[in-house]
1. Filter region B:82-127 down to residues that are among the aliphatic types (A, V, I, L, M) and at pLDDT 90 or above and give me whichever is surrounded by the fewest Cβ atoms within 10 Å (Cβ to Cβ).
2. Applying the selection to region B:89-131, what residues are touching a residue at least 60 places away in the same chain (Cβ under 8 Å) and in a loop (DSSP other than H, G, I, E, B)?
3. Looking at region A:257-337, what strands (runs of 3 or more DSSP E) fall wholly within it and have at least 2 residues that are at pLDDT 95 or above and within 14 Å of chain B (Cβ to nearest Cβ)?
4. A:GLY45 - would you say it is more than 14 Å from chain B (Cβ to nearest Cβ) and in contact with a Cys (Cβ under 7 Å, 6 or more places away or on another chain)?
5. Anything in region A:202-220 that is under 25 Å from the mean Cα position of the chain (by Cα), assigned to a loop (DSSP other than H, G, I, E, B) and not polar (S, T, N, Q)? List them, or say none.
6. For the structure I just gave you, tell me whether A:ALA376 is part of a loop (DSSP other than H, G, I, E, B), within 20 Å of A:LEU33 (Cα to Cα) and more than 10 Å from chain B (Cβ to nearest Cβ).
7. In region A:349-374, what residues are surrounded by fewer than 16 Cβ atoms within 10 Å (Cβ to Cβ) and in contact (Cβ under 8 Å) with a residue 24 or more places away in the chain?
8. For B:VAL292, indicate whether it is within 17 Å of B:ALA216 (Cβ to Cβ), buried (at least 20 other Cβ atoms within 10 Å of the Cβ), modelled with pLDDT of 90 or more and not polar (S, T, N, Q).
Amino acid sequence: MLNAPQSASRADQTLSLNMKLLAHHELAGFGGLGEGIGMQLTSDGRRILWLAHESAPKNFSGVDVTDPQNPKLIVQTELPHMKLRSNSLDVVGNIMVVAYQATTVGIKPAGIDIFDVSQPETPRLLSHFDCSGPYSRGVHAVWFVDGRYVHMSSGASDFQPRNPLDDQFYRIIDIIDPEKPVEVGRWWYPGTREGDEAPPPPRLPAQFDTGFRTHNTNVFPEQPNRAFIGYIDGGAVVLDISDMKNIKVVSQWNHSPPFNGFTHTVLPLFDRGLWIVSDECVQDNGADWPKLVWVVDSRNEANPVPIGTFPAPPYDAFAKRGGRFGAHNLHENLPGPTSFRSDTIIVGSFFNAGVRVYDTSNPYQVQEIAYFVPGAPKLSPAGAIQLNDVYVDDRRIVYTVDRFTGGLYILEMNI
Amino acid sequence: MTWSRDALAGKIPVTLVTGFLGSGKTTLISKLLLHPDMRRVAVVINEMGEIGIDHDLVTVSSENITLLANGCICCSVRTDLQETLRDLFAQRRVGEVFDFDRVIVETTGLADPAPVVQTLASDTLLAAHYRLDGLITLVDGLHGVGQIDQQTEAVKQIAIADKVLVTKTDLTTADHLETLCGRIRQLNSQSPIEFIRQGEVDPKSLIDLGLSSSRASLKTLQFLGEALNDAAVADVNGTGRYLGQRSATHNSTVKTLSLRFTEPFEWLSFSSALELLTTLRGPDLLRLKGIVNVDGDPVVIQGVQHIIDTPVKMDRWPSDDKDSRLVFIVRNMELDVIRNLFQAVGAIKSTSLSAT
């Protein structure tokens, strides 16, 4: 007996090219995860994958992935209330920094928590750094890789934005004493703060106006005096932070307009004089398409030049598959001992188009070499997978997470 | 920060099933399609009507592609194989068909498999996404001896096989099978022979015959075959028990020749010698497999007739043996001719210090 012919791509089907699923973990039913993934190597030799949840009630989860085919959930924590989300975290050694962002301004707590996770089953709170305020929702994303400075996208009690969409800016927190974090630097897009001399920046059309806010704030040991900032509608911004009290702009590149804004990540490939810049798709059903990953020639810091985009997954197959479709997070070549690092292979999460692997050996002609699109997770409100973030470890094992219900997918690259 | 991609690992393996008319291909394919271990395998067949799978159809995604209850994709050739394989990949890419992990192709009865190999090697889209994993040849257990004696195509199909399946073994005698295996061994001394009946075969026995990674491992040695290590060792002086001598008793036109060279090659001189050989004697060069020392680096070579696959540079030598080793299955050619050719051309270096 025959069923009706299938027309197009089906959200319940898994698609894969050169990637194999090793394990899937639904995280005890709380499989909605944000964009914070970190890996800890414990003193007894275990690998703990720390995951920030996308929304309340859960805060973060720790999963033992020593055997990637047999992941074990070892701890899952709660947020103090439902108007909070953790979304982002980073781990160095046994110190973990977790971001807290409230649903609206004026809610507490909002800021960062610093934990001692030397006993991963029982994380111990060392301190809370408050970023709440009458105009602040707190912290959206943290970058903490050197054991000392937390670079983050945050509001502050003393910061009144001219436009409420511009509430989060770049802040640097020194946690050399993790029990006494102190702010040591900050930078915001000129014209976005009440009282700025600069005029307010021209905004994108209302349906694409997502704010002049920081998203990712990456600083690498290869060039510790540079911060690579995805400034959402402000584009890619590179800052000279050699004097944290006096931060200066060294590069600015923005594809919008005419594109639809939301620059998310600026990933430098130092040896090659390139940046890989990812957008974030924030609207369902392809409404803000195209959201791309860009290749930018950065040999001259003062004049970054876009030289190409990653080949995007086919619009016809994915745009109407359910939920968001387009670029989001990249694996960011973190400096720690457990992170995969490559100046040619780039791995990204693309919501309903899954996780995708690219070879940028020829920066003018990037090739897609692998992908994995899980079938729609059970009970997902999007009706399709929504891969939100990705981390690749030093064993080249890929960890990727769903935004709503799917939890953690552990994959092997065959490239 | 640098590591190189594995040139082969990402490609979808393709197994070709060939065999003389009446050797039992349709029976084998019909059984294979319904085997529980065929999930995520795409099988390309010639004619859907010949295969009785009507009760197992689940969905038809297009006029020639069908998903079976066991998760196997059955695809009939519409115009030609090239177009069919392209179409399958494109549909897989956008999720219109299941993301199959491998392909098995049934070749037509009389067909010479070489053009199929050529299609895979020369179509840039196919070459980028598929790799030939192995050639399986079915030999009729009842009539095989006669076909080898009378049909040059049957001889060729056996000579180039990575694995030989002898069918209808329930319809013949042990003595007859022994004679048949002897004849097969004369044509192809290296590839395994398996007896099957009623087309019953474990899909696992049809896969992983080829080179699947450019990262050297034990599997590389298995792929290259024992002959490369055993027989060729004694051949350094040209006096050893090279396999060609074994073939002298019957059908002496087809021989297996093993060669070993201790002196590394320059790529230009090695490829020039190979090109000369394929140009002049391509039709008689049935099969070639080997590992070549190119300025110290291991490069795996394989070919069918005049089609030489893209050479694969391995990340390291799979064992301590760093000599170039080549195994040819040839028709009407002598070992010395081939050895002399490679030695003579190999001796010509593109950069000579004496000239300056």
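1. B:LEU125
2. Answer for region B:89-131, where residues must be touching a residue at least 60 places away in the same chain (Cβ under 8 Å) and in a loop (DSSP other than H, G, I, E, B): B:PHE100, B:ASP101, B:THR107, B:THR108, B:GLY109, B:LEU110, B:ALA111, B:PRO113.
3. Filter on region A:257-337 gives A:263-269, A:274-279.
4. Answer is no for this residue.
5. Once the filter is applied, which keeps residues that are under 25 Å from the mean Cα position of the chain (by Cα), assigned to a loop (DSSP other than H, G, I, E, B) and not polar (S, T, N, Q), region A:202-220 yields A:ARG203, A:LEU204, A:PRO205, A:ASP209, A:GLY211, A:PHE212, A:ARG213, A:HIS215, A:VAL219, A:PHE220.
6. It is true that A:ALA376 is part of a loop (DSSP other than H, G, I, E, B), within 20 Å of A:LEU33 (Cα to Cα) and more than 10 Å from chain B (Cβ to nearest Cβ).
7. A:TYR364, A:GLN365, A:GLN367
8. Against the criterion (within 17 Å of B:ALA216 (Cβ to Cβ), buried (at least 20 other Cβ atoms within 10 Å of the Cβ), modelled with pLDDT of 90 or more and not polar (S, T, N, Q)), B:VAL292 qualifies.
The values are calculated or read from the model by the stated rules, or taken from the named source; none is laboratory data. Source: prediction; values computed, not measured. Counting neighbours? That spans all protein chains shown, and the Cβs are built from the backbone with ideal geometry, glycine included.
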